Each structure stands twice: as C-alpha cells, then as structure tokens.
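Have a look at the structure below, then the notes.
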Amino acid sequence: NETFWQMLLIVTVAILMLYFILASQFESLKLPWIVLLEIPIDVAVTVLLLRLCGISLNLMSMIGIIVMCGIVINDSILKIDTIIQLERKGYPLLEAIHEGGVRRLKPILMTSLTTIIALVPFLWGNDIGSQLQRPLAVAMIGGMTVGTVVSLYWVPLCYYYLKRGRAGGSGL
C-alpha cells in the first residue's frame, strides 16, 4: 500500500513535468492535454485487464504501466509534432493529419508490435522468472494494444477538433 502511494506521487510529479515540457515544446497550453488525456485511458484499460486476468496491482504491474505510458506517450508526441511540422510547411489541416498518420504509422506499429511480441513468452512460461514478470507483461501488452489504437486514431481526431474549433488567429 505504501509503495502504491509513493508510485502515485512520483507519477503525478512526472505528469506535471511532462505537461510543462510539452507546453513549451508545442508552444501551447491546450495541446499537451491531448497527449496527457491518453494516460487515463491506457491506465484504466490496463487495470481492467489486470483485474480480468486475476493479477493484482503490484510493483511489477505498476512498473509495466509506467513503461507502457512512456512508450505510448512518445508515439503520440511524435505524431502531433509531425502534424505540426507539416502544417508549418503549408499543408492544410486535414492533409497534415493524413500525411502525419502515414509517416508515423510504421514506426508506431513497429514499436508496439516488437514490445508486445517480446513480452508474450512471459504469459505462458512456468519458471520463476516468467511468473515474476507476468504482471509486467500483461500490463504492457494490454496498455500497448490500447495505446497504439489511441495514438493512431484518437490523438489525431482530438488534434483536428482542437485546431478546427479555435477562433481565427488565437494560438493553441
């Protein structure tokens, strides 16, 4: 229980720091929320999957959740950054989102699939190492699966609605 609260405090501080870094990188106070709102979605699905598999929320599963969030957030950051760079080159909004999706699809899928495939042996192994790593593997596989879909579809959709909804010349 004490470990859980310590990890929660560390994750909260890390998310705050990530928000400020993203706000400065994107030069926007709203845009980082697209990326950061992905975290609760991924964590909720991961915790649900852990519960369905009968695995408790322990230190190994929490480490898996944190690592998974880092990988998935990186995918979303790079996708949004690609879209922004394309817009700066003169692409219209929808074309920039489409081209950004095309350019980032293969790297996102390669990252997710290699991570998931590398963790699959821990699900069926009966040795002590596999049993110890199983909560981490379940957390990362479930989170990466959902996070990949969120990065590929939800993040660009939110970016579109945020950009489209802004009034005239106000900055994001």
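The values are calculated or read from the model by the stated rules, or taken from the named source; none is laboratory data. Because the structure is predicted, anything quoted here is derived from the model rather than measured. When we count neighbours, we look across all protein chains shown, and the Cβ atoms used for this are built from the backbone with ideal geometry, even at glycine. Note: accessible area is taken over every heavy atom of the protein model, side chains too, but ligands, DNA and RNA are not part of it. Shrake-Rupley method; radii C 1.70, N 1.55, O 1.52, S 1.80 Å.
So the values come out like this:
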| read-out | value |
| --- | --- |
| Members of the stretch 124-156 that are open to solvent by less than 80 Å² (accessible area, probe 1.4 Å), farther than 18 Å from residue 72 by Cα and free of Cβ contacts under 8 Å to residues at least 60 places away in the same chain | 125, 129, 130 |
| Among residues of the stretch 35-46, those that are touching a residue at least 60 places away in the same chain (Cβ under 8 Å) and either aromatic (Phe, Trp, Tyr) or within 13 Å of residue 15 (Cα to Cα) (or both), counted | 3 |
| Hey, residue 50 outside any loop (DSSP other than H, G, I, E, B), within 15 Å of residue 155 (Cβ to Cβ) and open to solvent by less than 40 Å² (accessible area, probe 1.4 Å) or not | no |
| Flag for residue 64 being surrounded by 15 or more Cβ atoms within 10 Å (Cβ to Cβ), under 19 Å from residue 7 (Cβ atoms), at pLDDT below 95 and not charged (D, E, K, R) | yes |
| Failed item in (1) at pLDDT 90 or above; (2) assigned to a helix (DSSP H, G or I), with residue 132 passing the rest | (1) |
| Residue in the stretch 20-41 that is over 24 Å from residue 138 (Cβ atoms), among the acidic types (Asp, Glu) and out of contact with any Asp or Glu (no Cβ under 7 Å at 6 or more places or on another chain) present | yes |
| Selection within the stretch 49-67 - over 19 Å from residue 111 (Cβ atoms) and touching a helix residue (DSSP H, G or I) at 6+ places or on another chain (Cβ under 8 Å) | 49, 50, 53, 55, 56, 57, 58, 59, 60, 61, 62 |
| Failed item in (1) in a helix (DSSP H, G or I); (2) without any contact (Cβ under 8 Å) to a residue 12 or more places away in the chain; (3) in contact with a helix residue (DSSP H, G or I) (Cβ under 7 Å, 6 or more places away or on another chain), with residue 7 passing the rest | (2) |
| Qualifying positions in the stretch 85-94 - open to solvent by 20 Å² or more (accessible area, probe 1.4 Å) and either of a type in the set (A, V, I, L, M) or closer than 16 Å to residue 111 by Cβ (or both) | 93, 94 |
| Residue tally, condition in a loop (DSSP other than H, G, I, E, B) and β-branched (Val, Ile, Thr), over the stretch 54-95 | 1 |
| Residue list for the stretch 22-47, restricted to those being open to solvent by 50 Å² or more (accessible area, probe 1.4 Å) and not in a helix (DSSP H, G or I) | 27, 29, 30, 37 |
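Residues are listed down the side, and each one gets a yes or a no for (1) without any contact (Cβ under 8 Å) to a residue 40 or more places away in the chain; (2) surrounded by 15 or more Cβ atoms within 10 Å (Cβ to Cβ); (3) aromatic (Phe, Trp, Tyr):
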{"residue": "56", "(1), (2), (3)": "no, no, no"}
{"residue": "59", "(1), (2), (3)": "no, no, no"}
{"residue": "71", "(1), (2), (3)": "no, yes, no"}
{"residue": "83", "(1), (2), (3)": "no, yes, no"}
{"residue": "96", "(1), (2), (3)": "yes, yes, no"}
{"residue": "100", "(1), (2), (3)": "no, yes, no"}
{"residue": "107", "(1), (2), (3)": "yes, no, no"}
{"residue": "110", "(1), (2), (3)": "yes, no, no"}
{"residue": "116", "(1), (2), (3)": "yes, yes, no"}
